[in-house]
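The values are calculated or read from the model by the stated rules, or taken from the named source; none is laboratory data. Every value quoted in this text rests on a predicted model; they were computed, and no experiment measured them. Counting neighbours? That spans all protein chains shown, and the Cβs are built from the backbone with ideal geometry, glycine included.
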Amino acid sequence: MQETKDKKDILRILTDPWMYERIKDDLAPNLDVFKDQFTESTMISDARYIISDDKLALYIIHPLNSISWVIHTHVLPAAHTNSINYSKQVLDYIFTSYNDIHKLIAIIPDIYMDVLKHCKKCGFLQEGMISKSILKDGKILDQVMLGLERDRWVSSEN
């Protein structure tokens, strides 16, 4: 795992057609417009972009406040069989590299049961529900909020 600001590597994962369908909401631009609009200046300025060595998984973290950060996981289908290992590696990387991060928060649309299971296998616990908070395919959906605290990650077997 390594941090990157390489727009080409980031875009290759985010604009994979399968991936883009899952991460966008109904008001997001179409894929071609997104590709054109994605520039260094539109990247989240205080985010960290962490990519797997084989460039099949991208994790974006950004601060919610001074000790809690939001994590976004993007694993391409070619790497799904190894996705838990990727995520555990990035969690080790984050909690080792950033001593100020006490908690990671993931917010997942409730239609993505596979992603919710993935997060729970990595030690995240469900902490709440954000009702009627995302528009996908013409439906207003709930999102599940999950959290992972540094102390629980460090003390676990992983």
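Working only within the stretch 1-15, note down all residues that are closer than 16 Å to SER52 by Cα and more than 13 Å from the chain's Cα centre (by Cα). If the condition is that a residue be closer than 16 Å to SER52 by Cα and more than 13 Å from the chain's Cα centre (by Cα), then MET1, GLN2, GLU3, THR4, LYS5, ASP6, LYS7, LYS8, ASP9, LEU11, ARG12 are the ones that fit. Are any of the residues in the stretch 87-94 touching a strand residue (DSSP E or B) at 6+ places or on another chain (Cβ under 6 Å), within 24 Å of GLY128 (Cβ to Cβ) and of a type in the set (Ser, Thr, Tyr)? No - not one qualifying residue is present in the stretch 87-94. In the set (1) in contact (Cβ under 8 Å) with a residue 60 or more places away in the chain; (2) crowded, with 16+ Cβ neighbours inside 10 Å, ILE60 fails one condition alone, (1). Sub-8 Å Cβ pairs linking a first residue in the stretch 18-32 that is closer than 12 Å to GLY138 by Cα to a second residue that is in a loop (DSSP other than H, G, I, E, B) and not small (Gly, Ala, Ser), at least 6 apart or interchain, are ASP26/ASP137, ordered by first then second residue. Per this entry, ASN65 is counted among residues that are part of a loop (DSSP other than H, G, I, E, B) and out of contact with any Asp or Glu (no Cβ under 8 Å at 6 or more places or on another chain).
Scanning the stretch 104-144 for residues that are in contact with a Gly (Cβ under 9 Å, 6 or more places away or on another chain) and within 17 Å of ILE60 (Cβ to Cβ) returns LEU104, ILE105, ALA106, PHE124.
If you go through the stretch 4-22 and keep only what is touching a strand residue (DSSP E or B) at 6+ places or on another chain (Cβ under 7 Å) and surrounded by 12 or more Cβ atoms within 10 Å (Cβ to Cβ), you end up with THR4, ASP9, ILE10, ILE13, LEU14, MET19.
When ASP100, ASP25 are screened for being acidic (Asp, Glu), at pLDDT 90 or above and either within 22 Å of GLU127 (Cβ to Cβ) or part of a loop (DSSP other than H, G, I, E, B) (or both), only ASP100 passes. Scanning the stretch 106-135 for residues that are without any contact (Cβ under 8 Å) to a residue 60 or more places away in the chain and hydroxyl-bearing (Ser, Thr, Tyr) turns up SER131, SER133. Screening the stretch 103-151 for residues that are part of a loop (DSSP other than H, G, I, E, B) and on the phi > 0 side of the Ramachandran plot and picking the one that is surrounded by the fewest Cβ atoms within 10 Å (Cβ to Cβ) gives GLY138.
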